[in-house]
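Take a look at the structure set out below.
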Amino acid sequence: MISFSRRTTHLRYRRSRRALGVAILVATGSLVIPASSASAGVSTTTTEVRTAPAAAQTFVTTTSQPVLRQGSRGTAVTNLQRRLAALHYDVGPIDGIFGPSTYHGVVAFQKVNNLTRDGIVGPQTWGALARPVIPRPRYTHSGYSLEANLTKQVLYLARQGSVVRILDASSGKASTPTPTGNFKIQRRIDGWRQSSLGLLWRPNYFYYGYAVHGATSVPTYPASHGCVRVTVPAMNRLWSIIGIGVPVHIYR
């Protein structure tokens, strides 16, 4: 028969061994703690990896790359558009013409990669295109979801743990901030809507009068009355993909 003192010593020994085992698992990375999930989806840590996806790793830049801006045309613009599209930036048609959609695609890329937001593709932007930051969504859903990163001023279209489209965006200015949190699209209007927050194209309302919508002006900084703006062509390309009930996550 084990005495009380011996039994206590035995229990302490077993606990010490168990604690040591957990410590070893943590140290070796073998212990997996399951993440909790909520109705908003499974939340994960947002990571940004400076590497190119497998489909776009063959992109090579040289010191002779031309400086491109709105109005530029030609093969270099086509290569730029293809590269941005491969990285999931919304650039519209790949036509070799540096128009407004390509401009906003470049600005979105510059925002994600912490570059000057001027829409001009010079040496720094060309260099970043060869080794870009790849954003990851913060939440995982089985279907599509939207994530507005207010720090970066971009909108992500995500699906099954991957960002599948990156759009240039402008959120609420300091005096009229965009609400943060987890929402869902509650109603939509297919057309122009004049509201107290301004003129909205195809608004997708996620919280009272706040919406993700198209706008004729999408500057490089927060400028809206609280909504999340994207360009009118970008919203047209996004419209048929999203719908009522699509999760909307807004964070800084």
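Among F206, F183, rank each residue by its count of other Cβ atoms within 10 Å, from fewest to most, as a rough exposure measure.
Listing F206, F183 from fewest to most nearby Cβ atoms yields F183, F206.
Fewest first, what order do T78, T102, T125 take by the number of other Cβ atoms within 10 Å?
T78, T125, T102
Which order do Y89, Y208, Y156 fall in if you start with the one that has the fewest other Cβ atoms within 10 Å?
Lowest count first: Y208, Y89, Y156.
Label T151 and D95 with points 7 Å out from Cα along Cα→Cβ: what is the distance between them in nm?
Using points 7 Å along Cα→Cβ, the separation is 3.7 nm.
For S175 and Q194, compute 0.36 nm times the residue count separating them, minus their Cα-Cα distance, and round to one decimal in nm.
In short, 4.8 nm is gained.
Given points 7 Å out from each Cα along the Cα-Cβ axis, report the A130 to S64 separation in nanometres with one decimal.
With each label placed 7 Å out from Cα toward Cβ, I get 1.4 nm.
Every read-out reported here was derived from the displayed coordinates using simple, explicitly stated rules and does not represent laboratory data. On a predicted model such as this, the values are computed, not experimentally measured, just so you know. Every residue, glycine as well, gets a Cβ built from its backbone with ideal geometry; the counts of neighbours run over all protein chains shown.
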